[in-house]
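Worksheet: one structure, shown below.
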Amino acid sequence: MIHMSILDGARLIGVYLPQVWLEGPLPPPNPACPEKLETPVTRDIAAEEDQIRQTERARLSALVSGDVAAAQAHHAADFQLITPIGAVLSRDQYLGAIASGHIKYLSWEPEEIAVRLYGPAAVIRYWARLAVVFGGHHVPLSGYWHTDSYEYRDGRWLAVWSQATAISHGSPE
C-alpha cells in the first residue's frame with residue numbers, strides 16, 4: 001500500500017494512510033528543526049520498515065561503542081530523550097553525556113523491533129536488555145521497553161523522540 005500526501009499550496013487536503021484520513025491546514029514549521037521533512041519514495045512498505053529497524057540497530061551500536069559522530073548522524077537536531085527516571089535530554093545533552101563518559105552503555109540487546117509507518121513518520125517499539133554506567137553507578141543488565149519516533153528528513157530516517165521504561169520484573173511477556 002502506498003502512503004500519499006495531497007497538498008494544495010500550504011493546505012493539506014489529505015493524507016491517506018491505512019488507518020486514517022486527515023484534513024486541515026499544515027502545522028507551522030518547527031524553527032528548531034531545520035531538516036526538511038519529506039515522504040520516502042518507495043512502494044515497498046516492508047522494505048521501508050526494515051530500513052527503520054536497521055537504522056535503529058545502527059543507532060544503538062553507535063551509542064554502545066561510544067561513537068558520538070556516528071550516533072549524531074541518526075539523531076535529529078531536535079531529538080529528545082525521556083530517560084527511565086523521567087529526565088528530558090536534548091540530542092546535544094544526551095550525546096555530550098556519552099562523549100564525557102557520564103553515560104556509558106555496556107550492552108544494549110533489542111528483541112524484535114515493531115514498526116508502525118505513517119508516511120514520513122514512524123513509531124517503533126521494542127523490549128531490550130541493557131547494562132549501563134550512569135554517573136559512575138553501574139546499572140546491571142535489566143529489561144526496558146523503548147518507544148521511539150522517527151521522521152524521514154533529507155533522504156534518511158532520523159530519531160526525533162525516544163522514551164525508555166524500566167521493567168521491574170521478568171521478560172516482556
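Number of residues in the range 80-95 that are in contact with a strand residue (DSSP E or B) (Cβ under 6 Å, 6 or more places away or on another chain) and in contact (Cβ under 8 Å) with a residue 40 or more places away in the chain: the value is 4. Annotation note: of Arg125, Arg153, Arg116, Arg129, the sole residue that is free of Cβ contacts under 8 Å to residues at least 40 places away in the same chain and touching an Asp or Glu at 6+ places or on another chain (Cβ under 6 Å) is Arg129. Here Val160 fits the description: within 17 Å of Leu63 (Cα to Cα) and either touching a Ser or Thr at 6+ places or on another chain (Cβ under 8 Å) or part of a helix (DSSP H, G or I) (or both).
The residues listed here are Ala62, Ala76, Ala70; of these, the one that is of a type in the set (Gly, Ala, Ser) and surrounded by fewer than 17 Cβ atoms within 10 Å (Cβ to Cβ) is Ala70. When restricted to residues that are without any contact (Cβ under 8 Å) to a residue 24 or more places away in the chain and farther than 17 Å from Ala62 by Cα, the range 99-113 contains 1.
FYI, it's all coordinate maths here, none of it is from the lab. All values reported here derive from a predicted model rather than from experimental measurement. Using ideal geometry, Cβ is built from the backbone for each residue, glycine included, and neighbour counts are taken over all protein chains shown.
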